Amino acid sequence: MTMALRSSEFWLPWAEKELRDALGRSTLLDTRRYEIFVQGSRANGTALDDTSDIDLVLMLTGPHDPGYGWEEFRDDVLTTMGKSYRVRMGRRCLNVDEPDSLFGEMVDVLVATEHRGGVFFRDENGLPIVNFPKQHRRNGDAKDLRTGGRFKQAVRAAKRARVENGVPAPSYLLECLLYNVPDNVFNLVSYRSALGWLREHRDELDGLYCQNGINRLFGPGPDQWDADQVARIIDVLHQI
């Protein structure tokens, strides 16, 4: 397979099939119900190119056994995947440590359990995180439609500026920040206009929500940011 084939149309079904095949090589999960879906920049249409990683969510769905939760599911997934690959848990995702494997090179797997319409998992420090990737994707698609495609265009522009100038801003944070910019700000120069709006409203960042519309973007949690630090990031991006 050549790099030219790294389009989402080809790679997303391939990655899901590879994961399902690996999970089927053990009986550990035969009685468990789970769902596989894609999240991240590929799914949200904000990837800078077709070489970006594929982020898959492997979510345990109900009904749940009282004694079988995220930790037990994670351990069974690691054992099952270990029959096909050398695997480990990274900061948040399951990683395949095989340099010659395309699956290991391109795919990250978030192991999670279903939780109130979202996903539950723990980070490397054991801290609980609840997120809503399906709502994130749905809300982003709707905003992009309302802005004539300029919302996702602005997100890609912000991510490109971040990469080219070494700005320490995660993609998820940039996408959520720009999602909070009113639709009418996204004009023909949407990226500059959106950053200008965020800069003007830097004193109101504390009240912003993630793109999923449920989680607060700023706070003390493991998946939240400090508003003062983000205000400085906005200033840097605005000056580029």
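The values are calculated or read from the model by the stated rules, or taken from the named source; none is laboratory data. Bear in mind the structure is a predicted one, so any value in this text is a computation, not a measurement. As a convention, Cβ positions derive from the backbone with ideal geometry for all residues, glycine included, and neighbour counts pool all protein chains shown. Each accessible area value is taken on the protein alone, full model and side chains, heavy atoms only, with ligands, DNA and RNA left out. Shrake-Rupley method; radii C 1.70, N 1.55, O 1.52, S 1.80 Å.
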What's the magnitude of the charge dipole for the stretch 153-240 around its Cα centre, counting Lys and Arg as +1 and Asp and Glu as -1 at the beta-carbon? Answer in Debye, nearest 20. 360
With θ set to phi - 60°, apply the Karplus curve 6.51 cos²θ - 1.76 cosθ + 1.60 along the stretch 115-122 and write out the HN-Hα couplings as whole Hz, x wherever there is a Gly or Pro. 8, 6, x, x, 10, 10, 7, 10
Could you work out the relative contact order of the stretch 102-164? I mean the mean sequence separation of Cα pairs under 8 Å and 6+ apart, divided by the number of residues, in percent. 16
Sorted by accessible area (1.4 Å probe), largest first, how do 65, 235 line up? 65, 235
Counting only residues 5 or more apart in sequence or on a different chain, those whose built amide H sits under 5 Å from that of residue 38 are 57
In degrees rounded to 10, the 0-90 angle between helix 227-239 Cα long axis and the longest Cα principal axis of the chain is 60
Distance from the Cα centre of the stretch 71-105 to that of the stretch 10-24, in angstrom? 13
May I ask you to give the percent of accessible area on the chain that is carbon plus sulfur, with a probe radius of 1.4 Å? 48
Evaluate the charge dipole of the stretch 8-49 about its Cα centre and quote only its size in Debye, nearest 20, assuming +1 on the Cβ of each Lys and Arg and -1 on the Cβ of each Asp and Glu. 200
So for the chain, using the alpha carbon gyration tensor with a ≥ b ≥ c as root eigenvalues (a/c under 1.5 gives rounded; past that, a/b versus b/c decides prolate or oblate), I'd call it prolate
Within the stretch 106-127: backbone nitrogen closer than 17 Å to the residue 223 label point (7 Å, Cα to C-beta): 108-127
Label point distance in nm, residue 184-residue 209, each placed 7 Å from Cα along Cα→Cβ: 2.1
Report the local net charge at residue 145: Lys and Arg +1, Asp and Glu -1, summed over other residues whose C-beta lies under 12 Å from its C-beta. +2
When ligands, DNA and RNA are left out and all protein chains stay put, how many square angstrom of accessible area per residue does the stretch 178-233 have with a 1.4 Å probe? 53
Taking a crude spin-label model, label points 7 Å out from Cα along the C-beta direction, the residue 86 to residue 31 distance in nm is 3.4
Counting heavy atoms of the protein chains only and a 1.4 Å probe, report the per residue accessible area for the stretch 52-171 as a whole number of Å². 48
Using +1 on the beta carbon of Lys and Arg, -1 on that of Asp and Glu, and nothing else charged, what's the dipole of the stretch 151-190 about the Cα centre, debye to 20? 140
Rounded to 10°, Cα long-axis angle of helix 8-23 versus longest principal axis of the chain: 30
